[in-house]
Amino acid sequence: MTTLVFALLTMLFWGTAPIFGKIGLKSIDPLTALTIRSFSISLVLLIITILTGKLTGVFQIGIRPMGFLVAEGLLGSLIGHFTYFYALKYGEASKMVPITAAFPMVTVLAAIVFLNEKFTLNKLIGTLFIMAGILIIKSK
């Protein structure tokens with residue numbers, strides 16, 4: 001498979017997942033929902049990792065890479081998804097998801113500052129389109 005196919009599948013999965021989340025959040029609070037979601041994901045990942053024989057690889061990761069992966073998990077999966085579930089529960093999915101999906105703006109800036117990636121005209125134009133999209137979605 002090409003990376004484009006994976007990107008399109010990601011778009012499909014991430015595009016439909018909020019619908020299930022919004023329905024699931026109707027009768028429970030965001031923290032409980034995130035706990036259920038995270039537990040189910042962790043259980044499935046643990047089973048797959050064991051069945052594929054890759055569990056031993058987890059214990060061979062150095063402290064520094066492990067720290068960065070933990071930080072990514074805490075920011076992206078725990079805190080980010082908690083705030084996302086809160087926005088999804090109390091806001092309109094069609095408005096909240098595009099706003100939360102504008103995270104590439106932050107990634108572009110952080111990559112330029114922390115990873116020394118080049119700032120290009122295409123990145124500027126893409127960021128401006130994201131900002132315009134947020135303004136259009138946010139308007140009444």
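Throughout, read-outs are computed from the coordinates displayed, never taken from laboratory work. Keep in mind the model is a prediction, meaning the values are calculated, not measured. Neighbour counts run over all protein chains shown; Cβ positions are idealised from the backbone, glycine included.
A few points about this structure:
- Stretching Ser94 away from Phe6 to a fully extended chain increases their span by 29.3 nm, per 0.36 nm per residue minus the current alpha-carbon distance.
- For the Cα trace of the chain, dividing Rg by the Kirkwood Rh returns an Rg/Rh value of 1.00.
- Using R0 = 41 Å, the C-beta based FRET efficiency linking Glu117 and Asp29 works out to 0.60.
- Take the Cα of Thr16, step 7 Å toward its Cβ, do the same at Thr56, and the gap between the two points is 3.7 nm.
- Gaussian network model of the chain, springs between alpha carbon atoms under 10 Å - residue of Gly91, Gly62, Gly21 with greatest fluctuation: Gly62
- Calculated mean residue ellipticity, 222 nm, the chain: -24000 deg cm²/dmol, from DSSP H runs (n ≥ 4) at -39500 (n - 2.57) each, averaged per residue and rounded to 500.
- Neighbourhood charge, 13 Å Cβ-Cβ cut-off, centred on Ala93 and excluding it, Lys, Arg +1 and Asp, Glu -1: +3
- Within the chain, the whole DSSP H helices whose Cα atoms reach 30 Å or more along their own axis and whose mean Kyte-Doolittle score is at least 1.6 are 30-51.
- Kirkwood hydrodynamic radius of segment 28-90, Cα pairs, Å: 13.2
- Result for the chain in a Gaussian network model with C-alpha springs under 10 Å: among Ile125, Ile36, Ile99, the largest mean-square fluctuation is at Ile125.
- Candidates Leu128, Leu34, Leu115, ranked by Gaussian network fluctuation over the chain, Cα under 10 Å, top entry: Leu115
- Under 21 Å from Lys95, Cα to Cα: lysines that are on another chain or at least 8 residues apart: Lys22, Lys26, Lys138, Lys140
- Length gained on full extension, Thr83 to Leu135, computed as 0.36 nm times the residue gap minus the Cα-Cα distance: 16.7 nm.
- For segment 93-140, the average shadow cast by the Cα convex hull is 3.3 nm², which is a quarter of the hull's surface.
- Cut-off 14 Å between beta-carbons: net charge of the residues surrounding Leu45, Lys and Arg +1, Asp and Glu -1: +2
- Summed residue charge, Cβ within 13 Å of Ala102's Cβ, Lys/Arg positive, Asp/Glu negative: +2
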